[in-house]
Amino acid sequence: MTTHPARRRLGRALTTLGVVLATAVMAAGTAGATDGTEAAPAAHGGGVPNLGPDLGPDLGPDLGPDLGPDVTVFDPSMPVADIQATLDAAHAAQVDAEMSTARHAYLFRPGTYGTAEHPLQIKVGYYTEIAGLGASPTDVVINGKIEVYNRCLADGGTGNCLALVNFWRTLSNLSIRVNAAGQDGCRSSANFWAVSQAVSLRRLDVSGGTFSLMDYCTAGPQYASGGFIADSRLPSVTNGSQQQWLTRDSEIAGWSNGVWNQVFSGVVGAPEESAFPNPPYTTLDTTPVSREKPFLYTDARGRYQVRVPAARRGTRGVSWANGLTPGRTLPLGDFFVARPSDPVQVINSQLARGKHLLLTPGVYDIARSIEVRRPGTVVLGLGHATLTAARGSIPLDVADVPGVVVAGVTIDAGEQKSPALLRVGKPHGRSRGAAADPTTLSDVYFRVGGPHVGRTDVALEVNSDHVLIDHTWVWRADHGVEGLTDTQRWNTNLGRNGAVINGDHVTATGLFVEHFQQYNTVWNGEDGTTVLYQNELPYDPPTQADWMNGDVEGYAGYKVGDRVRTHRLYGAGVYVFNQNNPQIHTENGFEVPAAPGVKLHHIMTVNLSAGTIDHVVNGVGEAADTGKVGVPVYVTDHPAP
């Protein structure tokens, strides 16, 4: 996370909400279909709880498949007050639960929720997913607001209020008709979404008022660290204090403000970048490679399906403007619906039989790799489902095959050191990736430390060609509940590299990597592209000797391999805050080979109050030191035109 000296160490998180509405099992199809054609249903057994008569005559007592106790499904016939009470209780349990093990998903069947007089006003806490179950975002309408406010960390909840640690929450696939009825003057001025890393907004249709990415109503300092929007139609957006942000393949009515890296890719209404760095906008007319995240929805007969969008090139605007997002439909019967109690052997057996994998919310202890071997396999997590390495395992191991999609999964290092947390393709293997159907990682997050001690050599290792990384946060924790001092953390929570990209033709849209102990990102593959890169160097090297790359002081935050001849990077920042030893130097924020095809566009370094980055890239650019705290050092293009 991007921090500030005002940040305070956080205490142990609250316990979490344990009571949610159960869901039932109903029919699901047996075969996939494409372009919106639904498969015929087949029986899928399971018990049906008695949920009462309020579900409506068309739905009867069945709200869908059994997705476990931590998935709540709402129906529009339910009283707004009951839905509001459930979500208020969820937020109260999760608003401070930063390092907890609770995971929840709240899903809305198609219909309208809330009225002009009685809006549904939702606040979203940690490890919470809010999503519509429509085929289009317009199928689920929330009259009201869905919000995240600053979190206050001091003085009994009234001081040091900021959004820097508002992580791990998801909002997708619905419409918000902003209605602030009953809120005070300031709160009624916008729909607030004050967040930082590991938070995604996807497939939203928001209308009315302003959408604000900072909470200017809560007492300051109001810092916010960055985030991600994709495939959404939004009103005017107030960026405010957000330090870095990526908006991809969307439509916006307007955009105001920006701190450092503000990147727009394939966005209708995006601001121009001609005045860079004032304002600090980087704008690509189209996105080079994209694939929207899979989503769960119900068809016209109430059957649960998973839509898997197709990979596309040169995209711009939302994918759902002219109907169902292009791609294929898989009935939920094609998935093994896993729970945290399921042994990995059972999961792997189901995958080997040809099933896809749906991970219901919870924390899964993984002592042996989940092995994805079949081309086109979908692994979809609900409610920030989390895989935790045990016994030094690689929790998720994806073969060198095309078309695999992994989405909505968090992967944690365990106490015994793992070689990697997610590996795509074998090291030094022969890649069988496909440009038309890239393996895709969407909203896949990594943690080394934080909730417990973590150790890994590499977090994300990509060896296959033609892989798309669409929004990830790869985090070696700078704070947590492990009870460690900064010096202890350096020697206990071990992570050499955050992301190592060995495959060719790999694209990353929204790559956030922080605090690793050598190069945070190493890109060895040819023809790579990154659209927005955010990095913060580790806080905790005890001495300069601990932060040496041979005879070179420190490791760059972004390293392109010496043999690479083609690489593109758009909108990137490396930040330094050596709070454990402010005298530490890092020679370069970026390190790349001197090759005409290696091009960096709109890059920067910045000092957050301690330590020094001597140059931006390859000896170019002045120092980001304590003489200009918070003032970026920019290089518009490297090499210079």
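The values are calculated or read from the model by the stated rules, or taken from the named source; none is laboratory data. Predicted, not measured: the structure shown is a model, and the values here were computed from it. All Cβ positions, glycine included, derive from the backbone under ideal geometry; neighbour counts span all protein chains shown.
From the list R368, R374, the lone residue that is outside any strand (DSSP E or B), in contact with a helix residue (DSSP H, G or I) (Cβ under 6 Å, 6 or more places away or on another chain), of a type outside the set (S, T, N, Q) and modelled with pLDDT of 95 or more is R368.
The set of residues in segment 171-203 that are assigned to a strand (DSSP E or B), under 15 Å from I229 (Cβ atoms) and touching a Gly at 6+ places or on another chain (Cβ under 7 Å) comprises N173, L174, N191, V199. Checked against the criterion of being in a strand (DSSP E or B), out of contact with any helix residue (DSSP H, G or I) (no Cβ under 8 Å at 6 or more places or on another chain), assigned by TED's automatic domain parsing to the domain that holds S196 and in contact (Cβ under 8 Å) with a residue 60 or more places away in the chain, the candidates T282, T247 yield just one match: T282. Filtered by the rule that a residue be more than 18 Å from V522 (Cα to Cα) and buried (at least 23 other Cβ atoms within 10 Å of the Cβ), segment 448-471 gives G449, G454. Quickly run through segment 481-524 and pick out the residues that are among the hydroxyl-bearing types (S, T, Y) and part of a strand (DSSP E or B). Residues satisfying the conditions are T507, T509, T521.
Within segment 224-237, the set of residues being surrounded by fewer than 24 Cβ atoms within 10 Å (Cβ to Cβ) and either assigned by TED's automatic domain parsing to the domain that holds S442 or more than 21 Å from S136 (Cβ to Cβ) (or both) comprises S236 only.
So that you can scan it fast, the table gives a plain yes or no per residue for (1) among the polar types (S, T, N, Q); (2) crowded, with 22+ Cβ neighbours inside 10 Å; (3) under 26 Å from G408 (Cβ atoms); (4) in the same structural domain as G258 (by TED's automatic domain parsing):
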{"residue": "V140", "(1), (2), (3), (4)": "no, yes, yes, yes"}
{"residue": "Y149", "(1), (2), (3), (4)": "no, no, yes, yes"}
{"residue": "L153", "(1), (2), (3), (4)": "no, no, no, yes"}
{"residue": "F167", "(1), (2), (3), (4)": "no, yes, yes, yes"}
{"residue": "C186", "(1), (2), (3), (4)": "no, no, no, yes"}
{"residue": "A190", "(1), (2), (3), (4)": "no, yes, no, yes"}
{"residue": "V199", "(1), (2), (3), (4)": "no, yes, yes, yes"}
{"residue": "R203", "(1), (2), (3), (4)": "no, yes, yes, yes"}
{"residue": "A219", "(1), (2), (3), (4)": "no, no, no, yes"}
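Say we look at segment 397-440 and pick out the residues that are basic (K, R) and more than 18 Å from V458 (Cβ to Cβ); which of these is surrounded by the fewest Cβ atoms within 10 Å (Cβ to Cβ)? In this case the residue turns out to be R430.
When each of P538, P582 is tested for being under 30 Å from G425 (Cβ atoms), part of a loop (DSSP other than H, G, I, E, B) and not β-branched (V, I, T), the lone residue that passes is P538. Remark: pairs (first residue in segment 172-183, in the same structural domain as A198 (by TED's automatic domain parsing); second residue surrounded by fewer than 18 Cβ atoms within 10 Å (Cβ to Cβ); Cβ separation under 6 Å; 6+ apart in sequence or on different chains) = S175/T138; R177/S207; R177/G208; V178/G208; A180/S188. Taking the stated definitions as given, is A85 closer than 25 Å to A190 by Cβ, free of Cβ contacts under 8 Å to residues at least 24 places away in the same chain and not aromatic (F, W, Y)? Criteria met by A85.
For L204, the stated conditions hold: it is touching a helix residue (DSSP H, G or I) at 6+ places or on another chain (Cβ under 8 Å), of a type in the set (A, V, I, L, M, F, W, C), under 30 Å from V363 (Cβ atoms) and touching a residue at least 60 places away in the same chain (Cβ under 8 Å). Name every residue in segment 602-616 that is in a strand (DSSP E or B), in contact with a Gly (Cβ under 8 Å, 6 or more places away or on another chain) and surrounded by fewer than 23 Cβ atoms within 10 Å (Cβ to Cβ), in order of residue number. Passing the criteria: only H615.
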